[in-house]
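The values are calculated or read from the model by the stated rules, or taken from the named source; none is laboratory data. What you see is a predicted model, and the numbers here were worked out from it, not measured in a lab. With ideal geometry, Cβ positions are generated from the backbone for all residues, glycine too; neighbour counts draw on all protein chains shown. Accessible surface areas use protein heavy atoms only, side chains included; no ligands, DNA or RNA. Shrake-Rupley method; radii C 1.70, N 1.55, O 1.52, S 1.80 Å.
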Amino acid sequence: MTRETLINSALALALLLVPLLAYAMDEPFIITLATKVAILALAGVGLNIALGLGGLVSLGHAAFFGIGGYAMGILASHAQSYTAITDWPVLIEGTKSMPVIWLVAVVASGITALLIGALSLRTSGVYFIMITLAFGQMLYYFAISWAAYGGEDGLSIYVRNSFPGLNTLDPIQFFAITFVLLLAALLFSARLARSPFGLALNAARQSPQRVETIGLSPYRLRLLAFVISGMITGLAGALFADLNRFVSPTMFSWQTSGEIMVFIILGGTARLFGPVAGAALFIILEHILGGLSEFWHIYLGLLLLLVVLFAKGGVIGTLAGREKAHD
Amino acid sequence: MTDLQTPILETRNICKSFDALKASQDISLDLRAGEIHALIGPNGAGKSTLIAQIAGGLKPDSGSVHLNGRDVTTLPTAKRARLGLGRTFQVSALAMEDTVLQNAVLGALGAQGRPFHLFQSALGNASLRQVAEQALERVGLQDHARTRTAELSHGQRRQLEVAVALTLQPKAFVMDEPMAGLGASGSKALTGFLDSLREQAPILMVEHDMDAVFALADRISVLVYGQIIATGSVAEIRAHPEVRRAYLGEDA
Ligand SMILES: Nc1ncnc2c1ncn2[C@@H]1O[C@H](COP(=O)(O)OP(=O)(O)OP(=O)(O)O)[C@@H](O)[C@H]1O
Ligand SMILES: [Mg+2]
């Protein structure tokens, strides 16, 4: 077992033990915080596939987070008001079933990622950052003006959605759902990195010329990475909305994109557990510093600066050293 | 080598300008089965520019490129590679963070043409790995399979460039200065290797190392200021007065 595997296991275990302890000590707020870490980490695992493996600096991933959120909000709000979403050409009704909501969230963010990616991946560097940002902002303003679903005020859902066999209103049970989904995404992401696709994508980041010279198209590799990445972040969006029982255009804002990227960099870009370490650090700081000062983002910014300047591998990189090459 | 066969690789009347600079002026040359065709010329003559137009990174202003009789002028680099063009770079373009084996497996993956497997392991795939390991063995890098590419010496990187091209089993090799910076023993070893490679596929080779060129080339083309001023056998080029003046120097 490498040092990094050891650290990753410890992180996963801590994320599981903290809410279990909180459950034993009857501290539901801590469980909710841990749930938030798991969900944000999931969003980060998604972005990290584009950012870490593909080298695609997308500043528009809030688009997928928001689409996941609104998929949940729209389906659940219709279910709670017993109205159909549309009755033409076919009747589509809302639902309170999490698996169905997740499926819709993943498919909708996947299709959106395909469209955004197909256009934005024709550019690179700063242009790519700007175009993804622009698409994100487009959806943000669209959500603000979408009066049918709350416009600027967003949508409240009164009761958390359901999952067969579980009481999702119980914080520890909802946490369990998010934790299992996070683990599944991490497992998938780890396999992806070692797969032929991961090898080619990672090479396209380091030397696109090389990838073309052996007969593969960097564009197609990146597009698939962008779609997979958007789907996972979309799933996280649906869970985030379910945690808060609330969706609003803020989920689409560029600050959301920025926050996900910031905590990935804090945790360790391109490291499997970078998003987990980063999300945990982010939530912890938000609660310690957020209690001390309204302007805690300044301290977060300082920390980010330090990491970028002195600890490029983030938390994971600092603890585990340089990544071991696979064999 | 007979002159009657169709060339494996051919450029016809290629022209390319960068603003006022004419980097390629009406260049027609060909590469035939079994031969090593060396392209020589002073710095800035337009050799790499020509290679880029053959490999697909750069579009000619006019003229065409043919691979096995097929016009590939408008095809992207990746498509030309799939049609059998194996290329190495003057400045090596490898995945530096990856291991030597990973770079070779990447080549094998390109040859296999199915990169969209998300679940199997790339290095655990026996057929990919076999192709990669064979290629590394042929260039003598088998003992460095697990070395990070960034840690290779300059010469080893050149070997890896060739190994990755080998994994593609190309129908024609295009190599931009494979000997550059190798040192005497390194370039001697690579000369021997390229000599044996021509039976597998012909090589169009840009090279400054004249000992290597004279030892290997069946034909030499001389490029000066974007123009081919002569094409011929080693003896012909050595005797060519214009070449002696323009490139080899009067006393060569
Ligand atoms: N993309 C470009 N834009 C403008 N000028 C270019 C470009 N690429 C090459 N050139 C110019 O074209 C000329 C030919 O360059 P090229 O790299 O093909 O020369 P070369 O024969 O390979 O030289 P060397 O032996 O130094 O590798 C040079 O003057 C170079 O500056
Ligand atoms: Mg050159």
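Note: region B:171-252, Cα convex hull, 102 Å³ per residue. Spin-label model, B:ALA33 to A:ILE298: label points 7 Å out along the Cα-to-beta-carbon direction sit 7.7 nm apart.
Please state, as a whole number in µm²/s, the translational diffusion coefficient that the Stokes-Einstein equation yields for the protein assembly as shown at 10 °C and 1.306 mPa s, with Rh defined as the Kirkwood radius across alpha carbon pairs. Don't skip to the end; give the middle numbers.
Numbers: Rh = 26.5 Å.
Answer from the Stokes-Einstein relation: 60 µm²/s.
Sequence-distant or interchain residues sharing an amide H contact under 5 Å with B:ALA230, placed H: which? It is B:VAL222, by chain and number.
Within the straight-line cut-off of under 17 Å between alpha carbons, the lysines reachable from B:LYS171 are B:LYS79, sequence neighbours fewer than 8 places apart in one chain being disregarded.
In the elastic network of chain B, a GNM with C-alpha springs shorter than 10 Å, the most mobile of B:GLY124, B:GLY41, B:GLY110 is B:GLY124. Take each residue in B:140-150, count the other chain C-beta atoms within 10 Å of its C-beta, and the mean is 1.
Taking amide H as placed 1.01 Å from N in the peptide plane, A:ILE85 has its amide H under 5 Å from the amide H of A:ILE92, A:GLU93, A:GLY94, each at least 5 places away in sequence or on another chain.
Total accessible area buried between chains B and A, 1.4 Å probe, in Å² to the nearest 100?
Working: alone 12290 and 16180 Å², together 25420 Å².
Looking at B and A, the buried total is near 3000 Å².
What full-extension length gain, to one decimal in nm, is calculated for B:VAL91 and B:GLU199 as 0.36 nm per residue of separation minus the Cα-Cα distance?
Numbers: separation 108, 0.36 × 108 = 38.88 nm, distance 2.59 nm.
Between B:VAL91 and B:GLU199, full extension yields an extra 36.3 nm.
Would you mind getting the accessible area per residue of the protein assembly as shown, heavy atoms of the protein chains only, 1.4 Å probe, in Å²? Before the final figure, lay out each step's value.
Values: 25420 Å² over 579 residues.
Per residue, the protein assembly as shown has an accessible area of 44 Å².
Rounded to whole numbers, the Karplus 3J(HN,Hα) couplings from phi for region B:37-53 are 10, 8, 10, 10, x, x, 4, x, 6, x, 5, 5, 4, 5, 4, 4, 6 Hz, using 6.51 cos²θ - 1.76 cosθ + 1.60 with θ = phi - 60°, and x at Gly and Pro.
First compute the accessible area of the protein assembly as shown with a 1.4 Å probe, then give the percent of it belonging to carbon and sulfur atoms. Here it works out to 60 percent. Within the same chain, aspartates and glutamates fewer than 8 places from A:LYS36 are excluded, and of the rest, those with a Cα less than 17 Å from its Cα are A:GLU27, A:ASP170, A:ASP242, A:GLU259, A:GLU286.
In sequence order, region A:284-296 has phi-based couplings of 4, 4, 4, 8, 6, 5, x, x, 7, 8, 5, 9, 5 Hz under the Karplus curve 6.51 cos²θ - 1.76 cosθ + 1.60, θ = phi - 60°, and Gly or Pro positions carry x. Only one residue of B:ILE8, B:ALA235, B:VAL162 has its Cα farthest out toward the positive end of the dipole of the protein assembly as shown, where Lys and Arg carry +1 and Asp and Glu -1 on Cβ, and that residue is B:ILE8.
Computed across region A:3-320, the Kirkwood hydrodynamic radius from all distinct Cα-Cα pairs reaches 19.9 Å.
Each Lys and Arg Cβ is given +1 and each Asp and Glu Cβ -1; about its Cα centre, region B:50-129 then shows a dipole of about 260 debye.
Note that region A:75-115, at 37 °C in a medium of 0.692 mPa s, gets a Stokes-Einstein diffusion coefficient of 298 µm²/s from its Kirkwood radius over C-alpha pairs.
Burial of accessible area (probe 1.4 Å, heavy atoms of protein chains only) in region B:80-106, relative to its chain alone, reaches at least 10 Å² for B:ALA81, B:ARG82, B:ARG87, B:PHE89, B:ALA93, B:LEU94, B:ALA95, B:GLU97, B:ASP98, B:THR99, B:GLN102, B:LEU106. Peptide B:117-128 has a mean shielding of 5, counted as Cβ atoms of other protein chains within 10 Å of each residue's Cβ.
Here the label points at B:LYS188 and B:PHE214, each 7 Å from Cα along the C-beta direction, are separated by 1.6 nm in the simple model.
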